[in-house]
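Note sheet for the following structure.
A short reminder: the numbers here are calculations on the coordinates, not readings from a lab. Fair warning: this is a prediction, and the values are worked out from it, not measured in the lab. Note that each Cβ is placed from the backbone with ideal geometry, even for glycine, and that neighbours are counted across all protein chains shown.
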Amino acid sequence: MGTAVFILFTNDARGQNAFDTTIIHSITIQFSEPDWDHLLDSMSAAYQGTGASEGRLIATVTIDGFVYDSCGVRYKGHSTYDPSGGKNPLNIDLNTVIAGQDHFGSDKIKLANGAGDPSMVRELMMYELAGAYMHAPRAAYTRVAINGDPKGLYVHTEDVGNEFLDAHFGGSDGAHVKCDPRHRAPWNVGVSNLAYLPDSMAYDTLYDLRSDHGLGALQVVCYQLENDPSTIDQHLDVDRVLWFHALSNLFVHLDGYYAFAHNYYLYQRPGGRWSPVLWDLNMAFGGMLADGVDLAPLNMQQLQQIDPFHMVLSPAIRPLIAQLLSQPLYARMYAAHYRTILEEMVSSGHYLDRAEHWHDLIDADMQIEPYPHYPYADFQANLYTDVGTLLTLRPGISALMDGRATYLATRPYLTVPQPWIEPPIVAPPVPEPNSTVTITALIFDAQAAWLGHRTGTHAPFVRSSMYDDGTHGDLAPGDGTYTRQLTVQGGDLHYYIYAENGGTGVFSPARAEHEFHLLEVQKVIVLNEAQSANVTTQADQDGEFDDWVELFNTSAQPVDLAGYGLSDDPSQPMKWTFPDTIVPANGFLVVWADDDLLQEGLHANFKLSASGEGLFLNGPDAVTRDQVELPLLSADGSYGRYPNGDGPWQVLYPTWNTWNGGSVATPEAPLLNGPRLFPTPTSDACTVLFDASGPHQLRVYNAMGSFVRSVQGRDARLTLDLANEPVGIYLVEADGVWLRAVKSSPAGR
């Protein structure tokens, strides 16, 4: 039998940048209008006084030292917006005027003011806890000042926009809905609860459509949820919804789907299934006192004793809970997820450790908060003890969760004996493509088991039965050894195991489907090395120093790559397809990633980002054969396998079209004695090369001294696009050093 394969993987490998939670960031906003607050309030008043508005006021915004001109700013929020207050939540659009302007990939900056949370840790903590089990926005603390007036501490939350969708779902072209009525409505009337409505246009006011299509598709999933919940997994990402409910219930986040059926997003992934995303979590840990049944405020004991299956008998008003959890299989899966969070985050004390960490981080800021929603004494107390009473109650976080843990220990679906899954074993441990593998696990106290499996990061998992009958590769019937045989193709296999008895279920790994086991399939052709900041390493046949990708044939036979695909986008596996191309035995093949299909040779229709991105080699069947997440690379550094062909990926000194070897290190860019700009003159774009990785910023002005745009990044090479600018001389300030660029002729002439 093969060796044990017990490798846990997750889907989130993004860098922190603006969401580093170990520091407090800084944002300053400068309006030219002295009455900016009145103007923002006026815009909000025109939009039913919710804080949101269609208009924006133009300002210069500085984020952690990076300056962005001509940004659009408005107030946001519902209950957290107060026109008479000095500290309102903010929504900043960096590309309102200057198209393409963003802060390390984010063009929307969402700033919450902490209203309703004396502890000031609820929102940040809830996002981090949720991110361990499902795709969730990142968040971090930031100090904000407007026109020189310090506004205090805010929580900067990642926008659930295109960048988020691309990172987590492999694309952003699907239907995208913010589940929040666009106009306030009476309680439980006109809410975003996913109830079926015969008229698809009725969804238009109940849901905020963020894409140019999707109301009809949303109506379909609501219809299926009401009329055929047994097949809802064809329309809904059920596993993610179960995590969504478990997190909301356990951490008493009632100001979401539970109380008012709002404050969440839905995105329709390729294939048609909708996935939820949590949003607006400042009222987690009992900050909202309504439970969705009525508007009577809950007391501390009632908050502590909200049942994990609360609302399961309310299909008319909360179908996303009732219709799913009334299905026995989904109820047991939900109990397994709930128990995992309870054990990992609550029983272990992890949530409180994190809360105390952030409490200490922001303590000095909270002492001098210029526009406090609560006195400093309440901030000090609310981690542990209650603040306020009756309608103003904000439970002490640890007091709430201690009582919650005591109550949940009495719930039979969380305390019933559960199955136990030993680490799975795969034979053969590294299979060849298009071969059969047997996945085996010893499982105790189970009545049934399933294997969830997929090929491809963003594909849905397919669930199939595992057997303990002595005829599917296991030893004997009824011995607790469960097996499943599969044919693996060319791509690696992601899989998990789920087992259940009559009372509850269990997953391996426990955080599935967010985490999974990985079975690596033998690769004949592998991605071997890539360079995303080629400055002097190797020129192509036209003398251009472009990005490149190197492939290696691990076999002793030539391989024809005709029909294979190379891509930097998992939603477009065949973004660029290989022509009839032979990779020699134990040989190399280089593809230039320069987005120039007119040149001779192998030139892909995309470039590589020096700040990091995914790279995918896909077979003719569009199944991923190999993939790698390229990191931030400095000028002339490469990322490759060492040892060559089958070693782990590391930062290397580049070895273009030959064996990776020699020194393995993090190469520093050559000393250039300050930034330099080339080529100039240029008809479209030029490059500014720095001595080392940044952060760096370019500020570009025309010959009249008017500001044109800013460009920022952390790698040692920044590209300045002048293709759409008039012919002339441009002054470029590069980290305080002035350079000159000449636009010689319109692009394409």
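For this structure, a couple of remarks:
- Relative contact order (%) - the chain, alpha-carbon pairs under 8 angstrom, separation at least six: 9 percent
- Using a simple spin-label model with pseudo-atoms 7 Å out from Cα toward Cβ, A145 and Y371 lie 1.6 nm apart.
- For the stretch 146-165, the residues whose backbone nitrogen is under 17 Å from a point 7 Å from the Cα of E629, taken along Cα to Cβ, are 163-165.
- Rounded to the nearest 500, the helix-only mean residue ellipticity at 222 nm of the chain stands at -5000 deg cm²/dmol, with each DSSP H run of n ≥ 4 adding -39,500 (n - 2.57).
- Of the peptides 304-312, 28-36, the ranking by mean beta-carbon count within 10 Å, highest at the top, reads 304-312, 28-36.
- Note, ³J(HN,Hα) from phi for the stretch 278-287, Karplus 6.51, -1.76, 1.60, rounded to Hz, x at Gly and Pro: 5, 8, 6, 9, 5, 9, 5, 6, x, x
- Over 28 Å between alpha carbons, listed pairs K87/K108; K108/K607; K110/K743; K87/K178; K178/K575; K607/K743: K110/K743; K178/K575
- Inter-label distance, nm, simple model (7 Å from Cα along the C-beta direction), Y384/T62: 4.0 nm
- Sorted into 10 angstrom bins from 0, the C-alpha pair distances of the stretch 676-743 split as 23, 60, 17, 0 percent.
- Residues A723 and L295, FRET efficiency given R0 of 60 Å [Cβ-Cβ distance, rounded to 0.05]: 0.55
- Computed log₁₀ I(q)/I(0) - Debye formula, equal Cα scatterers, no solvent, the stretch 197-248, q 0.13, 0.19 Å⁻¹: -0.37, -0.76
- Test item: Cα-centred dipole of the chain, Lys/Arg +1 and Asp/Glu -1 on Cβ, debye: 920 debye
- Classification of the chain by its C-alpha gyration tensor yields an oblate form. The axis ratio a/c (a ≥ b ≥ c) is 1.5 or more, and b/c is at least a/b.
- Segment L361-D402, length gained on full extension (0.36 nm per residue, minus Cα span): 12.4 nm
- Residues within the reach of a label modelled at R463 (point 7 angstrom out along Cα to beta-carbon, backbone nitrogen below 19 Å), restricted to the stretch 226-263, are 226-247.
- With an a/c value of 1.5 or above and a/b not larger than b/c for the gyration tensor axes a ≥ b ≥ c computed over the alpha-carbon atoms, the stretch 372-526 is described as oblate.
- Extreme residue, positive dipole direction of the chain, given options Y730, A139, F545 (C-beta unit charges): A139
- At the listed q of 0.27 Å⁻¹, the Debye profile of the stretch 350-414, built from one uniform point per Cα, gives log10 I(q)/I(0) equal to -1.18.
- Beta bridges per DSSP with both ends in the stretch 676-743, % antiparallel, nearest 5: 95 percent
- For the stretch 17-160, the share of alpha carbon pairs falling in successive 5 Å distance bins from zero is 2, 10, 19, 24, 21, 15, 7, 2, 0, 0 percent.
- The stretch 163-347, Cα convex hull volume normalised per residue, Å³: 120 Å³
- Restriction of the trypsin sites (Lys or Arg not before Pro) in the stretch 144-218 to DSSP coil positions whose beta-carbon has at most 15 other beta-carbons within 10 angstrom yields R184.
- Convex hull volume of the stretch 175-270 per residue (C-alpha atoms, cubic angstrom): 97 Å³
- Whichever aspartates and glutamates have a C-alpha closer than 13 Å to that of K151, once near sequence neighbours (fewer than 8 apart) are set aside: D37, D365, E369
- The stretch 525-652, relative contact order in percent, only Cα pairs under 8 angstrom and at least six apart counted: 27 percent
- Contact order normalised by residue count of the stretch 17-160, Cα under 8 Å, 6+ apart, percent: 25 percent
- Share of Cα-Cα pairs in the stretch 545-704 lying beyond 25 Å, as whole percent: 38 percent
- With the simple model of a label 7 Å out from the Cα in the direction of the Cβ, Y223 to D646 spans 5.4 nm.
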